[in-house]
1. Is it true that residue A:366 is in contact with an Asp or Glu (Cβ under 8 Å, 6 or more places away or on another chain), of a type in the set (A, V, I, L, M) and more than 16 Å from ligand 1 (Cβ to nearest atom)?
2. If residue A:392 passes every condition in (1) within 16 Å of ligand 2 (Cβ to nearest atom); (2) of a type in the set (Ser, Thr, Tyr); (3) in a loop (DSSP other than H, G, I, E, B) but one, which one does it miss?
3. Filtering segment A:124-134 down to residues that are more than 13 Å from ligand 1 (Cβ to nearest atom) and in a loop (DSSP other than H, G, I, E, B), which residue is nearest to residue A:56 (Cα to Cα)?
4. Could you check, for segment B:175-196, whether at least one of its residues is in contact (Cβ under 8 Å) with a residue 40 or more places away in the chain, within 14 Å of chain A (Cβ to nearest Cβ) and closer than 15 Å to residue B:58 by Cα?
5. Limited to segment A:144-164, what total is found for residues that are within 16 Å of the chain's Cα centre (by Cα) and in contact (Cβ under 8 Å) with a residue 40 or more places away in the chain?
6. Kindly check whether there is at least one residue in segment B:185-192 that is of a type in the set (Asp, Glu) and part of a helix (DSSP H, G or I).
7. Name the strands (runs of 3 or more DSSP E) wholly within segment B:39-150 that hold at least 3 residues that are modelled with pLDDT of 95 or more and touching a Gly at 6+ places or on another chain (Cβ under 8 Å)?
8. Just one of A:99, A:118 is away from ligand 2 (no atom under 16 Å from the Cβ), surrounded by fewer than 20 Cβ atoms within 10 Å (Cβ to Cβ) and over 18 Å from residue A:69 (Cβ atoms); which is it?
Amino acid sequence: MSIQTSSPHFDHLIEAGRVHRTLYTDGDIFDLEMSRIFGGTWTFLAHASELPKPNDFVRKRLGKRPVIVTRDRDGNFHGLLNRCTHRGATICRHDEGNARRFTCPYHNWSFTNTGDLAAVPIEDGYGPAFDKQELGLGKLRVESYRGFIFGTFNTELPDLKTHLGPSAALLDEWLDRWPGAELQLRRGQTKFSCAGNWKLIYDNAADGYHPGYSHASLLRMRKDRYGGGVDMQWALGNVDEGLQTVSDCGNGGTFIDQRAEIKRFWDQSAPMPGESAYERVIKEKLGDKADAALDVVMGSGMNLNIFPNLLIIGNQIQVIEPQSVNKTHINWYATALVADDLPDEVNSLRMRLQEDFPSFGEPDDLANFEECQIGLEIEEVEWVQTGRHLDTGKEYIGAKGMLSGPVSDELPLRVFWKEWLKRIEQGNLGVAK
Amino acid sequence: MNTDPMQDGFTLEDILRDTLESTYIDDAYYAKLRNDMQEWEGCGTVLNNEERHAYESLILHENWLLDRRAFEKWYQLYSRECVYWVPAVGDLPDAERADPQRQVTIAFDDRRRLGDRIVWLRTGVAYSQLPPSYTSHVSTAFVRLPSENAGEVKIRSQFLIQEMRAGHEIQTFSGWMGHVFIKEDGVTKIARKVVCLLDAPRNHHNLTFLL
Ligand code: FES
Ligand SMILES: [Fe+2]
């Protein structure tokens, strides 16, 4: 689409305690989101462990744009638009690999992995005005924080860490559950496709109101099989009387903290194949430190959502990839913790545990998101409620100076829409430098 | 009639009490799965009449029970120490990516998690199965693979599964399956089933039914 010079206004669609349904159903709004929000702010691209060696690359998407994330020979990351500057073909057609150069299959223009146009076949067919330096690949501004690589077109944003604000410290807490361990994304992924708008997924990621209801099947199965006390029992009853909280991390970021509900992570973990055998081995190997190692098998008790597409939930990294106004891919990357003093058995258990919620939890949410999409198509009922705990006086300034509330507070929705409005009205900052 | 008490009359109540520990998934078990992946690559031989009667008919019966949503009976086709495994990887063989000890999968159910899955499907509030999925499993091209594991029989087949949930488009899945059979108390049981989807690395809309 063309770069918009004048910006339509959307503030009439976003009120203090409700938003308009068309934000989820209008294809034109979706197109604006793909250009202004994805790339208009720091947007998650890839994790460093996906491209560990010099000259590694991965193919990703930024909104609907095909992009290549590369690591150059010096280890620096680059975000390149996967679009040949000759006549438009994508130059990279592999999901991942190792390459110093990308050669466009169409007429073999070739580009370095830092984006420069390196060679053009039969170059003397171009006249004196031809300047290879001007025909490098479109480039994003790229920064990473502790392995999380983000890109943007927006040159006005502060550096990534400043932008992340309290999310950076929360990410530290998530990463440092085993001091010194390196987080690695594993190659297997649980990849979902949902016939719903991408924002339904972001809305849910800090929704502490739904688990007792949307996850009734999981909770009932656990109770019938294993009795009380196992996994997610904090979702039952009046959750606002429990110890979970939700918070505003700034710039559209949101956070659910469940940690206060978890006395002993391992004891409150969901069941997983291999549990008894590996618990025994880990105890034999680690002695006193075994309890701590078993605790990092279980999910972190944190849902940290970084606007607009990165959801760090439990032990998983989820990336939202919008496909169209009513279709979204959600990619769950399993994570391993790698440290000399952490036995492999911990990760064997982590892999199995990271299959539990994608099997028995997430699919029910996705079914509900799809039913939301169907309901939101009804023109006559226009509004979506976002006002829970808006005026109950229960919000307060909590940890890290973040505005916080009881866990069923719809504060995260309001935080999201505030940032959404800011980004959508800024126009397309898409000058690919 | 069928004298195996496990084959008939096994109910959800029985599953609720069955196998509440996970004891047998360990390094040796994962090593066996890695070896399986190599053996599945071998050159198979078409089944003789005896093998068809013993194994092909059991796979066809399994398909029928799944299509009938008779999960409790289906569960009893599996041995005490079993796995139902759906790798999240295409382009097999791939020793690193297909190794479930190091990678997450689409499904990796030991007997306990298989029980969890059935109890979960039967809660009536699994919204991803409201309305429920109806399936049609077609299996063909059965071959027997040589195996170095004594007492085990390996059968590979190709499959085509269609799935229909009211209000949703029909989904089609294809690929190959490997079944490992053993004798347990004189009865042939499925010890391991691996389902290798053609589109395993892609995003899936709803895979909460059984393949
Ligand atoms: S389109 Fe890439 S070289 Fe022509
Ligand atoms: Fe949920």
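1. No; evaluated as a whole, the condition is false for this residue.
2. Going through (1) within 16 Å of ligand 2 (Cβ to nearest atom); (2) of a type in the set (Ser, Thr, Tyr); (3) in a loop (DSSP other than H, G, I, E, B) one by one, residue A:392 breaks only (1).
3. The residue in question is A:131.
4. Yes, some residue in segment B:175-196 is in contact (Cβ under 8 Å) with a residue 40 or more places away in the chain, within 14 Å of chain A (Cβ to nearest Cβ) and closer than 15 Å to residue B:58 by Cα.
5. Qualifying residue count, segment A:144-164: 10.
6. No, segment B:185-192 has no match at all.
7. Values: elements: B:78-86, B:107-110, B:133-145.
Ranges flagged: B:133-145.
8. Only one candidate passes the filter, namely A:118.
The values are calculated or read from the model by the stated rules, or taken from the named source; none is laboratory data. Since this is a predicted model, take the numbers as computed values, not measurements. Because the Cβ atoms are built from the backbone with ideal geometry, glycine has one as well, and the counts that use them run over all protein chains shown.
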